Amino acid sequence: MSFTDTLMQTPMTAMPFSHLLAVMVQLTLLGGVLVFFRPLLVGIARALVLVVRPHPSRDELAARRKQRDAKLAQQLASAAPVVTDTAEAADVRVIGARN
């Protein structure tokens, strides 16, 4: 007999009905417990995700936003044509302030 035949031996007798019934009851109870405690389990999973990958603080987000805005303003200033009319200059400032 080969190793896999020895490892994968299955009994020739059928599974007793009482054993099958017990397994079905256990699976049903497990499903009920999981449904009942789902909010708790979801909260635990979210907490574990935060341990691995924490959210940046408000100060870090503000610093990133400030850097992004400064970079965007620099790109806008280098790409924008020179405007001599004061009304057009005001429009350009308003558009730049929106970003």
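Points worth noting:
- Hey, Q74 of a type in the set (S, T, N, Q), assigned to a helix (DSSP H, G or I), open to solvent by 90 Å² or more (accessible area, probe 1.4 Å) and at pLDDT 90 or above or not: no
- Selection status of V82, aliphatic (A, V, I, L, M), outside any helix (DSSP H, G or I), modelled with pLDDT under 95 and open to solvent by 70 Å² or more (accessible area, probe 1.4 Å): yes
- If you go through the stretch 24-73 and pick out every residue that is among the small types (G, A, S) and under 30 Å from I95 (Cβ atoms), you end up with 4.
- Options E88, E60: the member that is assigned to a helix (DSSP H, G or I) and either at pLDDT 85 or above or loosely packed, with under 11 Cβ neighbours inside 10 Å (or both): E60
The values are calculated or read from the model by the stated rules, or taken from the named source; none is laboratory data. Quick caveat, the model's predicted, so the values are computed rather than measured. Positions of Cβ are generated from backbone atoms using ideal geometry, with glycine treated the same way; all protein chains shown enter the neighbour counts. All accessible areas refer to the heavy atoms of the entire protein, side chains included, with ligands and DNA or RNA removed. Shrake-Rupley method; radii C 1.70, N 1.55, O 1.52, S 1.80 Å.
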